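A quick write-up on the structure given underneath.
The values are calculated or read from the model by the stated rules, or taken from the named source; none is laboratory data. None of these values were measured; they are calculated from a predicted model. Cβ atoms come from the backbone with ideal geometry, glycine included; neighbour counts cover every protein chain shown. Side chains included, ligands, DNA and RNA excluded: accessible areas come from the protein's heavy atoms. Shrake-Rupley method; radii C 1.70, N 1.55, O 1.52, S 1.80 Å.
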Amino acid sequence: SAPPKSQYELYTLTTWLLKEEMKGTLDGELATVLSSIATACKQIASLVTRAGISNLTGLAGAANIQGEDQKKLDVISNEVFCNALRASGRTGVIASEEEDLPVSVEETYSGNYVVVFDPLDGSSNIDAGISTGSIFGIYAPSEECSVGDMDNPEKMMENCILNVCQPGSSLLAAGYCLYSSSTVFVLTVGDGVYGFTYDSIVGEFVLSHPNMKVPDSGKIYAFNEGNYCAWDQGLRDYIDSLKDGSNFHGQNYTARYIGSLVGDFHRTLLYGGIYGYPGDKKNANGKLRLLYECAPMSLIMEQAGGKGSTGTQRVLEVCPEAVHQRVPLFVGSPKEVDYLESFCKKD
Ligand code: AHG
Ligand code: MN
Ligand code: MN
Ligand code: MN
């Protein structure tokens, strides 16, 4: 019989990665990249928690390619991620919300993975000390890319972009870290979704949410209704039906909106419901970026039994044509996303 469980056994992210390797669902090189990302998230968690007393709130004084004024912590978190991925020696190409173009990593020793990330999501919340997060996805290098032609920069860049622009269905791993009342690292390597809560006394992410499954439905919706008048009629009819009870629950929903995809997503994953960032009259494809926000989060939700949709198709089937391409995102309980799609397909 199994030895008695020691009360001092600590099931950490490192332990979990090792067991996934032993199960054959994860190769050692990928485990190394995931460990380096977890280290970056620990560093960002400490920076975010102390932003107000280390002069890290406010603007960096520059804008990113998205036209967003970068917060100081957008820039610093990006640096933290890039440093950690370079140090892992397994990263070939990096794409970030805060980098105009993909970055090829010379220090690659092996593995050569493509890592896409949003280093600080919901950064408008930083100065108010409200939930933020980091989001990441990991791809294998795409086979149609020849090895970079060192003395042909155009060819090199072309290869980098080809490596990065892969559909979410090709993701090997995806995850996020929530910086809130708890610091929670959530990931999938294609074998279910696992959550690890940071124990600052030990300095480790400890398994707290094994095999996460989203509830089949849930009466909580997270949309920025400030944009209601700019939405399509079908979407407005959908939102109206949540509020007046004329929906498949026969009751009205509760509205929750944190302004941080990671925060709203994590609550949706645990409690059920739906998060949406629709396209509108001003931005037909909405605000969220396919590569490092919508695709990784859709993979996680699907692995937890939920759905990620653009309103008309599965997010994971959309192949990016550009690194910072935006798509509308509706993600959450399967019954809630199906119900929403029944309105969007009417348009
Ligand atoms: P980021 O801070 O990485 O640019 O992403 C912010 C995103 C997402 O986290 C959040 O749900 C959404 O923007 C909030 O946008 P609005 O303020 O327009 O609602
Ligand atoms: Mn941003
Ligand atoms: Mn974001
Ligand atoms: Mn961001």
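Residues considered: 69, 100. Of these, the only one that is within 19 Å of the chain's Cα centre (by Cα) and of a type in the set (D, E, K, R) is 100.
Looking at 128, 95, 84, 140, which is the one that is at pLDDT 90 or above and within 14 Å of ligand 4 (Cβ to nearest atom)?
Values: 128 fails: within 14 Å of ligand 4 (Cβ to nearest atom); 84 fails: within 14 Å of ligand 4 (Cβ to nearest atom); 140 fails: within 14 Å of ligand 4 (Cβ to nearest atom).
Only one candidate passes the filter, namely 95.
Take residue 286 and tell me if it is over 14 Å from the mean Cα position of the chain (by Cα), open to solvent by less than 10 Å² (accessible area, probe 1.4 Å) and within 19 Å of residue 258 (Cα to Cα). Yes: the conditions hold for residue 286.
Residues considered: 56, 26, 34, 18. Of these, the only one that is in a helix (DSSP H, G or I), open to solvent by less than 70 Å² (accessible area, probe 1.4 Å) and touching a residue at least 12 places away in the same chain (Cβ under 8 Å) is 34. Scanning segment 242-260 for residues that are open to solvent by less than 10 Å² (accessible area, probe 1.4 Å) and in contact with a helix residue (DSSP H, G or I) (Cβ under 6 Å, 6 or more places away or on another chain) yields a single hit, 260.
The single condition among (1) surrounded by fewer than 19 Cβ atoms within 10 Å (Cβ to Cβ); (2) at pLDDT below 95; (3) of a type outside the set (Ser, Thr, Tyr) that residue 163 does not meet is (1).
Conditions (1) under 18 Å from residue 133 (Cβ atoms); (2) surrounded by fewer than 17 Cβ atoms within 10 Å (Cβ to Cβ); (3) within 15 Å of ligand 1 (Cβ to nearest atom), marked per residue:
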position	(1), (2), (3)
221	no, no, yes
224	yes, yes, yes
228	no, yes, yes
231	no, no, yes
240	no, yes, no
264	yes, no, yes
268	yes, no, yes
272	no, no, no
282	no, yes, yes
